[in-house]
Every structure is written in C-alpha cells, then in structure tokens.
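Here the structure is laid out as structure tokens; the discussion comes afterwards.
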Amino acid sequence: MSADASTSLPSESNPRHIAIIMDGNGRWAQKRMMPRAMGHKAGVKAVRAIVDYCARHNIEVLTLFAFSSENWRRPVEEVSMLMSLFISTLQKEINKLDKNNVRVRFIGDRAAFSEQLRSKITEGEIQTQNNTGLTLVVAANYGGRWDLSQAFQKIAGKVSEGELLIQNVDEQCIDQHLSTADLPEPDLFIRTGGEQRVSNFLLWQLAYTELYFTPTLWPDFNQNALEEAIKSFKTRQRRFGHTGEQVLNKTITL
Ligand code: IPE
Ligand code: IPE
Ligand code: MG
C-alpha cells in the first residue's frame, strides 16, 4: 500500500477501494433445488455487473475474494468445477475487460494452480497491465495469514542478507511486502450471504475499513445492492482514532 494509503476521504465521497467476500452461491442454488455449481455460474453474472458498475463509477480498486486458501477443503468435484470456471471466465472476459480499460491483478498463492490456470492468470495480467481505469484484484487461493507469512518471509530474507535493518521492519515495511503493496487500503468491505466474519480475507489491510454485511446471496447482489452499500458507507464518520469533533471541525488531516 502506498504511503498515503490511510489518507481518508470525506465520507461523502465514493470509496476508492471496495473489497468483497462474494458468499452465498451454494445456498442460492440449493434454494432452487439446483446443484451448487449453478450457484457459482450465477455468481459470475453478478461479478460482471459489479465490475461494470465500478468501472463506470470511477472506483479505483475492486478486490473480489474468489477462492480462499481454505476452499481446497471442499469436495474435489466442487474445487475442480471452480477451477474450470475460473479458466473459462478468464478466457471469455479478458478482452472485454481490456477494452473497458480495466487492469486485472491476482493476489494469492498461484503455485497450487494448474499450469493452464497459471498461464491464463499471467496472460491476463500482462494484457491489461497498462490500463488506467478500474484495477480489478482477484483474490484466488488467497488467505490473509498467507499474505502476512509471505511478507515476513521476504522481510526475513532481506534482513538475513543484510539488505534491511531490523529496526526498519515497521508497519510501512510490512505493508510494502504484502500482495497489495501498491494499492490504497480498502475503504469499504462488503460480505454477502449473511455471515458476519472475515474468513481470512485481507486481515492486515482491513484495519480501518468500513464493514458492511448483507443477507443477500451473491448471485442476487446487483448494481442496486452495491449502491445501497455505498450509500451506507457515505453515512459513516471515519475517525481513525480521532474524536468526532476533530473530524467535523477539520482540525486534523485524515
Ligand atoms: C462463495 O459461495 C463462493 C466460494 C467460496 C468459491 P459459497 O460456495 O461459499 O456459497 P455458500 O456459502 O455455500 O452458500
Ligand atoms: C469465503 O467464503 C471465501 C470466498 C467467498 C471465496 P466461505 O464460504 O469459504 O467462508 P466460510 O467457510 O463460510 O467462512
Ligand atoms: Mg460460503
């Protein structure tokens, strides 16, 4: 995250960075007596609508939790269905995303993915890397604990090589070694599907993010639902440790 990452906007502004846990695909399908796979497919449609909204409304960054480091624990058929869905979705969507000036990035441990998926991911990132519109961050095989561990490994390596002094291992240093190093911190976190937990998403990065939970299942989460979430965000007073009066009187810079 950049040095000014914690710079807040006045709450009447749009969030710069929205991070979403897209939950509830399975239950959406089960409610309709359909296999869970249908819920994931319907979830892709919702992704399209939300990406489109963010791109048109000049949101800088949208981070979507697509697959957690714990999701490997699901039945093998569901995991392999999800992997095929990632490959086919990437293949189908990348040109349109590119045309819409969207820069696509992936965070998470790619080593566990198939060669085919890894190369689709790299191709997609390279194809869109110079785009200047929305940055779409896809968290795949991502875990907040993984992110912190990989950051600590890099830092420890630099310390042991003498490239970094222990006393310089501060918050900014840790921040710069996370997979989100160059992105602003999430302003608004949304979790669909009714659960009120973080499920090992962006643990470090969510320190001052506004949280929004909705029972709406992900495939039903549309542009109006996102607008509702943004509306709620705009009513919040972000204080970052200051008092409400300090924020109101603008005696401090957030
Ligand atoms: C989220 O929906 C999608 C992924 C985790 C890949 P779920 O599949 O978790 O849906 P529920 O929670 O079982 O309804
Ligand atoms: C979180 O949802 C991960 C994604 C949406 C990719 P889960 O459905 O896996 O979370 P838990 O297991 O209910 O906490
Ligand atoms: Mg779930």
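A few notes on this one:
- Long-range neighbours under 9 Å by Cβ, at least six apart or interchain, first residue more than 15 Å from Tyr208 (Cα to Cα) within the stretch 232-254, second not in a loop (DSSP other than H, G, I, E, B): Ser232/Leu188; Ser232/Glu210; Ser232/Tyr212; Thr251/Glu245; Ile252/Gln246
- Leading residue by the ranking (farthest from ligand 1 (Cβ to nearest atom)) among those in the stretch 55-66 that are in a loop (DSSP other than H, G, I, E, B) and open to solvent by 60 Å² or more (accessible area, probe 1.4 Å): Asn58
- Breaking point among (1) away from ligand 1 (no atom under 14 Å from the Cβ); (2) of a type in the set (Gly, Ala, Ser); (3) touching a helix residue (DSSP H, G or I) at 6+ places or on another chain (Cβ under 6 Å); (4) open to solvent by 30 Å² or more (accessible area, probe 1.4 Å), for Ser69: (1)
- Selected residue [closer than 26 Å to Asp52 by Cα, open to solvent by 70 Å² or more (accessible area, probe 1.4 Å), away from ligand 2 (no atom under 15 Å from the Cβ) and at pLDDT 95 or above] from Lys231, Lys154: Lys231
- Tally of residues being under 11 Å from the mean Cα position of the chain (by Cα) and open to solvent by 20 Å² or more (accessible area, probe 1.4 Å) across the stretch 181-205: 1
- Per this entry, Val102 is counted among residues that are within 20 Å of Gly43 (Cβ to Cβ) and either more than 16 Å from ligand 3 (Cβ to nearest atom) or touching a residue at least 24 places away in the same chain (Cβ under 8 Å) (or both).
- Cβ-Cβ under 8 Å pairs, at least 6 apart or on other chains, the stretch 18-36 side open to solvent by 40 Å² or more (accessible area, probe 1.4 Å), far side within 11 Å of ligand 1 (Cβ to nearest atom) and among the acidic types (Asp, Glu): Arg36/Glu78
The values are calculated or read from the model by the stated rules, or taken from the named source; none is laboratory data. The model shown is predicted, which means the values in this text are computed figures rather than measured ones. All Cβ positions, even for glycine, are placed from backbone atoms using ideal geometry, and neighbour counts span all protein chains on display. Heavy atoms of the whole protein, side chains included, go into the accessibility calculation; ligands, DNA and RNA do not. Shrake-Rupley method; radii C 1.70, N 1.55, O 1.52, S 1.80 Å.
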